[in-house]
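Input: a single structure, listed below in structure tokens.
The values are calculated or read from the model by the stated rules, or taken from the named source; none is laboratory data. Small disclaimer: the values here were computed from a predicted structure and weren't measured. Methodologically, a virtual Cβ is constructed for each residue, glycine included, from the backbone with ideal geometry; neighbour enumeration extends over all protein chains shown.
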There are 2 protein chains.
Amino acid sequence: MSTRAQRVTAAASERVRVRRQPKKARYDRTTIESVLDRGLFCHLAFVHDGHPFCIPTLHARVGDDVLVHGSTASRTLRALADGADACLTVTVMRGLVLARSAFEHSANYDSVMLLGRFRLVEDPEQRLAGFAAFTNKLIPGRWDEVRQPSRKELKATTILAMGIGEASVKTRSGPPDDDATPDADRDTWAGVVPLLTAFGEPEPSPGLRAGIDLAPSVRRLTEAGA
Amino acid sequence: MSTRAQRVTAAASERVRVRRQPKKARYDRTTIESVLDRGLFCHLAFVHDGHPFCIPTLHARVGDDVLVHGSTASRTLRALADGADACLTVTVMRGLVLARSAFEHSANYDSVMLLGRFRLVEDPEQRLAGFAAFTNKLIPGRWDEVRQPSRKELKATTILAMGIGEASVKTRSGPPDDDATPDADRDTWAGVVPLLTAFGEPEPSPGLRAGIDLAPSVRRLTEAGA
């Protein structure tokens with residue numbers, strides 16, 4: 001894997017400091033929030049019965065917090081609500097990096113890592129704002145189109161928040177690193193193949209009533225591309 | 001988050017058994033390998049200095065093993081090579097699930113979780129096969145187009161393998177779960193918006209020599225779509 005310079009714009013705590021290829025590291029709040037917001041879902045690491053686990057889940061940033069949610073019956077959420085140490089990571093892949101050598105092949109990506117503990121979100125207004133954030137994160141503007149949570153649904157849902165505190169971003173951008181090496185004399189194509197997330201043709205639910213138009217949120221999303 | 005039935009085709013170890021919404025679980029080898037192979041990269045969870053960490057990295061499956069690699073100087077890889085417990089998770093998002101209520105919004109996805117420990121791959125032939133697997137995983141057929149690793153590059157690279165043993169897949173497919181509920185009477189569009197990975201226009205490296213055609217591997221990839 002190869003390196004390209006990135007500016008370090010703020011000091012990092014020792015635990016989140018990027019040690020390998022420190023030029024790939026960023027610690028500024030704007031970059032941290034940007035990666036959190038661009039990624040559709042996160043992976044959560046935590047320890048259960050002495051063993052590390054890594055699970056994917058949807059997340060949403062609300063101000064200084066990153067929220068996750070799930071069933072009140074979830075053992076994972078209960079453990080995290082009880083203050084277990086956690087690591088929340090969001091990774092956005094942007095491209096395949098093709099060099100002339102196998103060794104210099106890489107990927108362009110942004111990955112943000114947050115260390116900390118979750119707290120239970122209990123305030124009713126904050127919980128509702130959390131629900132709205134999750135819904136609008138999937139599809140911007142969707143919250144205003146749908147039925148809001150009932151009392152029963154709210155009761156069945158745990159929302160947890162982790163403050164953006166100890167965090168770092170690792171990022172790679174740009175072309176392969178072998179332009180200025182003897183490998184560049186080879187007859188091998190080198191460059192970057194961008195990776196894009198695209199939306200396919202919306203598939204109406206089999207039970208969708210006749211005569212209901214595509215939702216404006218979906219039309220905006222699929223027309224704009226990703 | 002909502003549930004749709006999935007068949008459980010084999011017994012699971014207690015640690016990887018999916019407890020929440022067990023109908024979403026799969027434990028058969030074909031499904032496990034399919035998700036490992038479809039995902040471009042994985043997230044690795046491990047414990048360092050008592051705290052869980054979650055980092056993204058490229059992986060490649062070779063037979064019964066999942067390989068990861070990195071610099072011999074990487075502290076993470078050293079810890080994992082020393083037998084630290086680890087969890088390797090690959091998640092493939094397939095679609096946004098839009099219900100009539102906020103509560104039933106969800107995502108269609110496949111996520112495979114492997115628990116275990118890594119071992120150092122030391123055999124020179126296996127290490128070379130590992131390099132080939134990483135290169136061809138990024139872009140099928142690329143290995144035959146590029147310069148193979150030098151002795152120095154091989155020496156600088158650690159390759160670790162985890163056997164596919166304790167593993168489970170969690171998966172969600174299909175339309176939203178509220179077709180047969182009173183919510184279906186609402187005037188709200190409901191359905192699935194597929195998420196696709198697309199490849200953008202290949203960007204030649206600034207140092208690419210004149211007259212070098214796009215590599216056949218890249219042409220195949222971008223013509224086929226993802």
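Counting the residues of segment A:40-70 that are more than 7 Å from every other protein chain (Cβ to nearest Cβ) and touching a His at 6+ places or on another chain (Cβ under 6 Å) gives 3. Scanning segment B:77-104 for residues that are closer than 16 Å to B:R119 by Cβ and more than 8 Å from chain A (Cβ to nearest Cβ) turns up B:L77, B:R78, B:A79, B:L80, B:A81, B:D82, B:G83, B:A84.
Quick one: in segment A:207-221, of everything that is surrounded by fewer than 16 Cβ atoms within 10 Å (Cβ to Cβ) and in contact with a Gly (Cβ under 9 Å, 6 or more places away or on another chain), which residue is nearest to B:W189 (Cα to Cα)? The selected residue is A:L214. Considering segment B:200-216, and only residues there that are among the charged types (D, E, K, R) and either in a loop (DSSP other than H, G, I, E, B) or more than 7 Å from every other protein chain (Cβ to nearest Cβ) (or both), the residue that is farthest from the chain's Cα centre (by Cα) turns out to be B:R209.
Residue pairs whose Cβ atoms lie under 7 Å apart, separated by 6 or more positions or on different chains, with the first residue in segment B:177-199 and facing chain A (nearest Cβ under 7 Å) and the second of a type in the set (S, T, Y) and surrounded by fewer than 19 Cβ atoms within 10 Å (Cβ to Cβ), are B:V193/A:T222; B:L195/A:T197; B:T197/A:T197; B:F199/B:T222. Can you name every residue in segment B:13-32 that is modelled with pLDDT of 80 or more, in contact with a strand residue (DSSP E or B) (Cβ under 7 Å, 6 or more places away or on another chain) and not in a helix (DSSP H, G or I)? Of everything in segment B:13-32, those that are modelled with pLDDT of 80 or more, in contact with a strand residue (DSSP E or B) (Cβ under 7 Å, 6 or more places away or on another chain) and not in a helix (DSSP H, G or I) turn out to be B:A25, B:R26, B:Y27.
In segment B:111-132, the residue that is farthest from the chain's Cα centre (by Cα) out of those that are more than 8 Å from every other protein chain (Cβ to nearest Cβ), buried (at least 22 other Cβ atoms within 10 Å of the Cβ) and in a strand (DSSP E or B) is B:L114. The residues listed here are B:L88, B:L58, B:L36, B:L44; of these, the one that is aliphatic (A, V, I, L, M), surrounded by 15 or more Cβ atoms within 10 Å (Cβ to Cβ) and either outside any strand (DSSP E or B) or touching a Gly at 6+ places or on another chain (Cβ under 6 Å) (or both) is B:L36. For B:S168, the criteria (1) more than 7 Å from chain A (Cβ to nearest Cβ); (2) in contact with a Pro (Cβ under 8 Å, 6 or more places away or on another chain); (3) of a type outside the set (D, E, K, R); (4) part of a strand (DSSP E or B) hold in every case but one, which is (2). Of the candidates B:A73, B:A107, the single residue that is part of a loop (DSSP other than H, G, I, E, B) and either within 8 Å of another protein chain (Cβ to nearest Cβ) or within 26 Å of A:P206 (Cα to Cα) (or both) is B:A73.
Within segment A:144-163, being outside any loop (DSSP other than H, G, I, E, B) and out of contact with any Asp or Glu (no Cβ under 8 Å at 6 or more places or on another chain) holds for A:D144, A:E145, A:R151, A:K152, A:E153, A:L154, A:K155, A:T157, A:T158, A:I159, A:L160. Close Cβ contacts (under 6 Å, 6 or more residues apart or on different chains) running from residues in segment B:141-157 that are surrounded by 15 or more Cβ atoms within 10 Å (Cβ to Cβ) to residues that are part of a strand (DSSP E or B) comprise B:V146/A:S101; B:R147/A:S101; B:T157/B:H69.
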